[in-house]
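Undergrad: Quick one: this structure, given as structure tokens, is what I'll be asking you about.
The values are calculated or read from the model by the stated rules, or taken from the named source; none is laboratory data. Predicted, not measured: the structure shown is a model, and the values here were computed from it. Using ideal geometry, Cβ is built from the backbone for each residue, glycine included, and neighbour counts are taken over all protein chains shown. Side chains included, ligands, DNA and RNA excluded: accessible areas come from the protein's heavy atoms. Shrake-Rupley method; radii C 1.70, N 1.55, O 1.52, S 1.80 Å.
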Amino acid sequence: MLKLKPRRDTYTLKDVETPNLFKEFFPYIEPPRIFFDGKYIPPQPAKNFYITDTTFRDGQQARVPYTPDQIETLYKFLHKLSGPKGIIRKTEFFLYTPKDREALERCLGLGYQYPEITGWIRANKNDLKLVKEAGLKETGILTSCSDYHIFLKLKKTRKQALEDYLAIVKEALSLGIRPRCHFEDITRADIYGFVIPFAIELMKLREESGIDVKIRLCDTLGLGVPYSEAALPVSVPKLIRALIEEAGVPEELLEWHGHNDFYKGVINATVAWLYGCTYVNTSLLGIGERTGNTPLEAMVFEYIALKGTADGMDVSVITDIVNYYKTELHERIPPRQPLVGEEFNATKAGIHIDGLIKNEEIYNSFDTLRVLKRPIQIIITDKSGTAGIAYWINMHFGLKGDKQIDKRHPGVAKIYKKIIEEYEKGRVTPISNEEMLAYTKKYIPELFVSELDHLRDYVIKLMSHYIEDLSQEKEMSTLKATKIRPVLKKFLEEHPYVQFIYIVDAEGKPVVGLTNDIEYLHKFEELLKTETFENREWFKVPMKTGKTYTSKFYTSRITGNLCITLSIPIRNKYEEIIGILGMDIKFEDVVKMENGSYEV
């Protein structure tokens, strides 16, 4: 364990009678100020850099709470992104509600080593019991350290706050739980009058217990600054070095938790690493209270830039996370948000588009397709030209090689003409992706699968399973109408969107046919009596291939409904084809009946 430094005795608690609110820094009637003491300290990077996550704690305080299923999904993403070395080291969970505990149990059940699941509690023993019951090895404990919180919120003195904090830490240690003290509002705290003395006492408890006590430096209002020459309490470099050098806290027990109120969330976290703090705390997409936390994805890229390697992190998972937030969580991500916004790697200037077409490295800082699974995007305006329009189409649809659309394609010229007409009428805004899709669908329709084709695929996928099971019913191979009829009747009752169902023998002669549509029953029966079906595609194809046949959409000559036909061979015990089972399906009805689950 770390040996006590003699200079620790220099710093003792200053139990002041009135709070020190640092009004010269934070006048309140005006924006915060930054003061410089002229004392430069050089960077001393931590030996290891790690990322921690607060998506399920601080991140949940800024949005609609996640469901247990959503938390489990996001936790899986974090695990995959983290890689085998566990660069995303930890993530913290609430423990208070049944949903909190369900999410916790589901994620613990996955058995992942990283990110390690930790707790977050208030500084009281009842909360600590929840951590013990959950079987967690580490928990964060809220230990506010500024006089704003101690005097004005908790209504305590510094001495009372310190004693209460130390008591809960001792209780955690007695239970074998690693405490992580969250020094809330540290950038408005008396560093040498409270923070350093508090940290020294924590290190003493660490030595006595043999259990690590961690410290999270919480820049609660985003007031920290990255300048080493700035004065305490706002200088992030001086804060980190003071905890290490004056309080004797090992760098691997320090964690930075920043907010982005003044646009310094990322740079402050980076500086924390560079001045000896091992961990930086983040949230997915930076979602957190007010302006949010340090974005996790940003620190992934900072890590790569500083270390020169991803160390096994699967960076492409960031785009999977973004898509999940947009499609499943309905989160509105600002289009210009770095790395994750819709327009992050997009350009609209004509001269830039021309450069991209010649060589994408001119206006793209890295291969976004390879790293993030995100092709370069361009925003179409009247300056884009036909080359820009062709480029947008090729990128949006992923067209390569011979499949690429050339700028001389007639459809591209028509789209360009329509766009120019828009701007000639006075338009000043870019053409949206939705508008471009509409233009492309109208003038280059071959790139789109029609809605009917989507419906057909849906019906085929749904009904193929049903018809296959039905064909294997033991009554089918008898080719006896009396035995087959009850089975088909039951099937029709369960699947009323089937218009007609029928069986013919190996020569195409009808064996039996049923319908529940009384209006057309007579016509259907007459058809079965007067015709054979050996020349129909639904008969010939499965007889020849032995596989299920699916038709294109057609209009039924009996009912006038838009239908699709499926047919499948009936086999005997020797696997010989002895007949064909067919059914005509009213596709509109099948979509409506199946719980409205189809989506175009």
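Undergrad: Given T55, H409, S477, which one lies farthest toward the positive end of the charge dipole of the chain, if we put +1 on the Cβ of every Lys and Arg and -1 on the Cβ of every Asp and Glu?
TA: So the residue furthest toward the plus end is T55.
Undergrad: Can you give the accessible area per residue of the stretch 184-269, in Å², using a 1.4 Å probe?
TA: So the stretch 184-269 comes to 24 Å² accessible per residue, rounded to a whole number.
Undergrad: If a/c stays under 1.5 just call it rounded; otherwise compare a/b with b/c (prolate if a/b is bigger, oblate if not). Do that for the stretch 273-355, with a ≥ b ≥ c from the square roots of the Cα gyration tensor eigenvalues.
TA: Oblate, because a/c is 1.5 or more while a/b does not exceed b/c.
Undergrad: Starting from the Kirkwood radius over alpha-carbon pairs of the stretch 100-224, derive D by Stokes-Einstein at 20 °C in a medium of 1.002 mPa s and give it in µm² s⁻¹.
TA: 141
Undergrad: Could you work out how far the C-alpha centroid of the stretch 487-544 sits from that of the stretch 125-191, in angstrom?
TA: Measuring centre to centre over Cα atoms gives 75 Å.
Undergrad: Provide the three semi-axes, in whole Å and in decreasing order, of the ellipsoid equivalent to the stretch 485-573 as defined by the square roots of 5 times the Cα gyration tensor eigenvalues.
TA: On the way: eigenvalues 81, 47, 40 Å².
The three semi-axes for the stretch 485-573 are 20, 15, 14 Å.
Undergrad: While we're on this one: I need the shape label for the stretch 458-522. Rule: rounded when a/c is under 1.5, else prolate if a/b > b/c, else oblate, with a, b, c from the alpha carbon gyration tensor.
TA: oblate
Undergrad: Given q = 0.21, 0.22, 0.25 Å⁻¹, what are the Debye log10 I(q)/I(0) values for the stretch 385-424, with equal point scatterers placed on the Cα positions and solvent ignored?
TA: The calculated log intensity ratios at q = 0.21, 0.22, 0.25 Å⁻¹ are -0.59, -0.64, -0.78.
Undergrad: Once you sort the root eigenvalues of the Cα gyration tensor of the stretch 273-413 as a ≥ b ≥ c, which label holds: rounded (a/c under 1.5), prolate (a/b larger than b/c) or oblate (the other case)?
TA: Cα axes put the stretch 273-413 in the prolate bin.
Undergrad: In addition: With the full set of protein chains in place, find how many percent of the accessible area of the chain is carbon and sulfur; take the probe as 1.4 Å. Please list the in-between numbers first.
TA: Values: 14960 of 28960 Å².
Looking at the chain in its full context, I get 52 percent from C and S.
Undergrad: Also, I was wondering about something else. Given the options Y165, L152, P115, identify the residue whose Cα lies farthest towards the positive end of the charge dipole of the stretch 94-189 (+1 on Cβ of Lys, Arg; -1 on Cβ of Asp, Glu).
TA: So the residue we want is L152.
Undergrad: Can you give the accessible area per residue of the stretch 457-596, in Å², using a 1.4 Å probe?
TA: Computed with neighbouring chains in place, this is 55 Å² per residue.
Undergrad: Can you give the charge dipole size of the chain about its Cα centre, rounded to the nearest 20 debye, using +1 on the beta carbon of Lys and Arg and -1 on the beta carbon of Asp and Glu?
TA: Magnitude of the dipole: close to 540 debye.
Undergrad: Based on the mean of other beta carbon atoms within 10 Å per residue, what is the order of 361-368, 143-150, 115-122, most packed first?
TA: Listed from highest to lowest mean packing, they are 143-150, 115-122, 361-368.
Undergrad: A further question follows. Per the Kirkwood definition applied to all pairs of different Cα atoms, how many angstroms is the hydrodynamic radius of the stretch 39-121?
TA: 13.7
Undergrad: Further question on the same structure: Per residue and in cubic angstrom, what volume does the convex hull of the Cα atoms of the chain have? Before the final figure, lay out the partial values.
TA: Numbers: hull volume 146.4 nm³, N = 600.
Measuring per residue, one finds 244 Å³ for the Cα hull of the chain.
Undergrad: When you take every Cα atom in the stretch 357-450, what is the radius of gyration, and what is Dmax, the widest Cα pair distance, in Å?
TA: In Å, with Rg to one decimal and Dmax whole: 13.6, 41.
Undergrad: Using a 7 Å offset from the Cα along the Cα-to-Cβ direction at both T482 and T429, what is the distance between the two label points in nm, to one decimal?
TA: 7.3
Undergrad: Once every DSSP H run of n ≥ 4 in the chain is given -39500 (n - 2.57) and the sum is divided by its residues, what mean residue ellipticity at 222 nm do you get, rounded to the nearest 500 deg cm²/dmol?
TA: -11500 deg cm²/dmol
Undergrad: Cα convex hull of the stretch 226-277: mean projected area in nm², to one decimal?
TA: The Cα convex hull of the stretch 226-277, projected and averaged over all directions, gives 3.4 nm².
Undergrad: What is the extension gain from V371 to F553, computed as 0.36 nm multiplied by their sequence separation minus the C-alpha to C-alpha distance, in nm to one decimal?
TA: Stretched out fully, the V371 to F553 stretch lengthens by 61.3 nm.
Undergrad: At E493 and N535, where each label point lies 7 Å from the Cα along Cα→Cβ, what is the point-to-point distance in nanometres?
TA: In this crude spin-label approximation the distance works out to 3.9 nm.
Undergrad: Charges on Cβ only, +1 for Lys and Arg, -1 for Asp and Glu, centred on the Cα centroid of the chain; of H465, F524, G582, which one is farthest towards the dipole's positive end?
TA: Most positive-ward Cα: H465.
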